[in-house]
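Asker: This structure is in structure tokens; I'll ask about it shortly.
The values are calculated or read from the model by the stated rules, or taken from the named source; none is laboratory data. The model shown is predicted, which means the values in this text are computed figures rather than measured ones. With ideal geometry, Cβ positions are generated from the backbone for all residues, glycine too; neighbour counts draw on all protein chains shown. Heads up: the accessible areas ignore ligands, DNA and RNA and are worked out on the full protein's heavy atoms, side chains in. Shrake-Rupley method; radii C 1.70, N 1.55, O 1.52, S 1.80 Å.
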Amino acid sequence: MNRTLNLVLLAIAIAFPLVAQALDELFYVSFASRILIYAVAATSLNLILGYGGMVSFGHAAFFGAGAYCVGIAMVHGVTSAWITWPLAMVVSALLAWVIGAVCLRTRGVYFIMITLAFAQMMYYIVLGLKAYGGEEGINLLNRSVIGFGVDLKNDVTFYYVCLGVLVAVLYLCQRLVRARFGNVVQAIRENETRMDAIGFPTFQYKLVCFVIAGGVCGLAGALIANQTKFVNPNLLHWPVSGELMIMVILGGLAYLYGGVIGAFVLLFLDELISPYTIFSKLYVGLVLLVIVLFAPHGIAGLIEKWRGTLPRKKDG
Amino acid sequence: MAKPVLEVLGLTKRFGGLVATDAVTFDVVPGEIHALIGPNGAGKTTLVHQLSGAVAADAGSIRFNGADITVMPTHDRVRAGLARSYQITSIFRRLTVVDNIVLAVQARNGTSLSFWRPIKSESALYDEARAIAKDVGLAGREEIVSGFLAHGEQRQLEVGLALATKPLCVMLDEPMAGMGPEESERMIPLISGLRATRSVLLIEHDMDAVFRLADRISVLVSGRIISTGTPAAIRASDEVRRAYLGDETVHG
Ligand SMILES: Nc1ncnc2c1ncn2[C@@H]1O[C@H](COP(=O)(O)OP(=O)(O)OP(=O)(O)O)[C@@H](O)[C@H]1O
Ligand SMILES: [Mg+2]
């Protein structure tokens, strides 16, 4: 049953650009790439926020760091995706390691505030990077180069690369969550004191989780720099952290597809409403409020519940 | 007497003006059940918190299995073989009984920095967890979400989680708290059987159980150990009787 659903979703995602192309609506392909990229970022946040129960309000730092890696490398003439994308992941993971090593010593509201503070610090640092455009940011002349006949300048190709990354990230996430590591991280969310008392160095596990999420989000950042061919400090600003959090909560904490659903709904709503009013954020906020009120476990939770109550054939 | 596995020397803890642990010195030897008794608020749980590493002592030292563990983090103490259970049940309420115990088994079996293999396929972990569930009297209840267990069963799981770490010495903080007589009756042979492989620091208010189980008893009053001895000696001690047991005769 789940397998069928996954395949149907994948088929739709693969067919989408072909349909858009046929209808001559290439703008939507570009928009869909954006959704895929945010889905990767939100999925990485779901690892720490949903599965790990760590309410990090600073995820934009890793998103922005990944984007700036690509941007800065491009300024210096390094265009290969094989260099800059892994670089983005490593830099973001290292950043997550430093930030996590400090923040994970705190709990609750302090954790939220200190992750936010770190991200804002990063924001002001890149704002001050005059060599790389300061608040203007960097305009990329082109997208990263992959080679092997794959040309990212083509929006449809770029879409498929983003889709490939998202599918890979979801698969890895699924494996990780169901493996020993995921078992530990989720149990720490449930009862950290007891995890300590049965012999787990909980801090270290949380830190590893934080670093993995940071690295994956860095990759999403590398993609967004390519999608917009533009990086600026706003990518690291707190509204981005907030938006990613909303995506995860809206989509469903600790559901594999939580980040994907959240990214889709939030960006889609925004796109739908913003042409009509300058108060689009307000209306989007209201819609979110309604959804969260009626679906405390997010949209994914609602779907699971709905599927659970439907009579269905046995799995397999 | 054998060399102690756990040695506590001059341990002291103050909460503001209150001296919760007052220069406590005692030990637990291998294979013994050492009971710690004392009235409400005597400082028994606070002492366990310090021994487990949840609370830092102000003064004194703790030696375990030949090493000084006074400032060792909790999880390292557990790995060294010193585990505890909680007076206030602290289980993973949203997980099943077996999934609870699997966590403790997992903690001492190889690395958990394993990101690929589904844990459900690690049948060795589950087999061992089921065996432990059976040991603590939860056979047939393995697949129940632990938050839905009866109170007594949750207490059994609480003890099971501590035992699943395979400790050299286990500290049980009122394992029978809130249990009915029948459930307590089931717990007594379980604790008694631990003697064969481990030592036990048993905190318990049920005097009947204490006198049946303990090899030695220490009496804690207002943070101080006023007496340590065999059950017979403690029962006969006037000082203990006055300070704690009251003047009523204790039945054993
Ligand atoms: N964190 C704390 N801050 C201040 N006082 C505390 C703290 N923890 C315990 N106390 C006090 O220390 C004393 C000992 O408490 P403790 O819980 O250790 O007693 P106990 O012997 O376990 O009692 P009981 O038999 O009721 O479980 C009590 O007076 C308690 O109020
Ligand atoms: Mg107590």
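Asker: Just the residues that are within 13 Å of chain A (Cβ to nearest Cβ) and part of a loop (DSSP other than H, G, I, E, B), please, taken from segment B:113-161.
Answerer: Result: B:113, B:114, B:115, B:116, B:117, B:122.
Asker: Let me ask something additional. Does segment A:70-86 include one or more residues that are buried (at least 20 other Cβ atoms within 10 Å of the Cβ) and under 16 Å from the mean Cα position of the chain (by Cα)?
Answerer: Taking every residue of segment A:70-86 in turn, at least one turns out to be buried (at least 20 other Cβ atoms within 10 Å of the Cβ) and under 16 Å from the mean Cα position of the chain (by Cα).
Asker: Sticking with this one: Residue A:185 - would you say it is in contact (Cβ under 8 Å) with a residue 24 or more places away in the chain, at the interface with another protein chain (Cβ under 8 Å from one of its Cβ atoms) and not small (Gly, Ala, Ser)?
Answerer: Details: in contact (Cβ under 8 Å) with a residue 24 or more places away in the chain: yes; at the interface with another protein chain (Cβ under 8 Å from one of its Cβ atoms): no; not small (Gly, Ala, Ser): yes.
No; evaluated as a whole, the condition is false for this residue.
Asker: OK, next. Could you check segment B:198-242 and list, in sequence order, the residues that are among the β-branched types (Val, Ile, Thr) and out of contact with any His (no Cβ under 9 Å at 6 or more places or on another chain)?
Answerer: B:203, B:210, B:219, B:221, B:225, B:226, B:230, B:234, B:240
Asker: Being within 13 Å of ligand 1 (Cβ to nearest atom) and open to solvent by less than 50 Å² (accessible area, probe 1.4 Å) is the filter here, so list the residues in segment B:13-34 that pass it. Walk me through it before giving the result.
Answerer: Let us first name the residues in segment B:13-34 that are within 13 Å of ligand 1 (Cβ to nearest atom), namely B:13-22, B:24.
Listed by number, the residues that qualify are B:13, B:20, B:21, B:24.
Asker: Also, I was wondering about something else. Kindly indicate the residue of segment B:197-227 that is open to solvent by 50 Å² or more (accessible area, probe 1.4 Å) and in a helix (DSSP H, G or I) and also nearest to ligand 2 (Cβ to nearest atom) among those meeting that condition. Let's see the steps before the verdict.
Answerer: Going through segment B:197-227, the residues open to solvent by 50 Å² or more (accessible area, probe 1.4 Å) turn out to be B:197, B:205-206, B:208, B:212, B:215, B:222, B:224.
Imposing the further condition that a residue be in a helix (DSSP H, G or I) reduces the set to B:208, B:212.
On the way: B:208: 19, B:212: 21 Å.
Per the criteria, the residue is B:208.
Asker: A follow-up question, please. Go through B:87, B:106 for me and flag whichever is at the interface with chain A (Cβ under 7 Å from one of its Cβ atoms) and either more than 16 Å from ligand 1 (Cβ to nearest atom) or under 20 Å from the mean Cα position of the chain (by Cα) (or both).
Answerer: Numbers: B:87 fails: at the interface with chain A (Cβ under 7 Å from one of its Cβ atoms).
Checking each option against the conditions leaves just B:106.
Asker: Give the residues of segment B:57-107 that are in a loop (DSSP other than H, G, I, E, B) and without any contact (Cβ under 8 Å) to a residue 40 or more places away in the chain, sorted by residue number.
Answerer: Looking only at segment B:57-107, we keep the residues that are in a loop (DSSP other than H, G, I, E, B), and these are B:57-58, B:65-66, B:69-73, B:81, B:86-95.
Within segment B:57-107, B:66, B:69, B:70, B:71, B:72, B:73, B:88 qualify.
A quick yes/no check of all residues on (1) away from ligand 1 (no atom under 16 Å from the Cβ); (2) open to solvent by 40 Å² or more (accessible area, probe 1.4 Å):
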| site | (1), (2) |
| --- | --- |
| B:52 | no, no |
| B:70 | yes, no |
| B:73 | yes, yes |
| B:78 | yes, no |
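Asker: Can you find a residue in segment A:27-38 that is out of contact with any helix residue (DSSP H, G or I) (no Cβ under 7 Å at 6 or more places or on another chain) and either modelled with pLDDT of 90 or more or within 19 Å of residue A:165 (Cβ to Cβ) (or both)?
Answerer: Scanning segment A:27-38, I find no residue that is out of contact with any helix residue (DSSP H, G or I) (no Cβ under 7 Å at 6 or more places or on another chain) and either modelled with pLDDT of 90 or more or within 19 Å of residue A:165 (Cβ to Cβ) (or both), so the answer is no.
Asker: On to the next question. For the list (1) touching a residue at least 12 places away in the same chain (Cβ under 8 Å); (2) away from chain A (no Cβ under 14 Å); (3) more than 9 Å from ligand 1 (Cβ to nearest atom), I need the number of the one condition that residue B:38 fails.
Answerer: (3)
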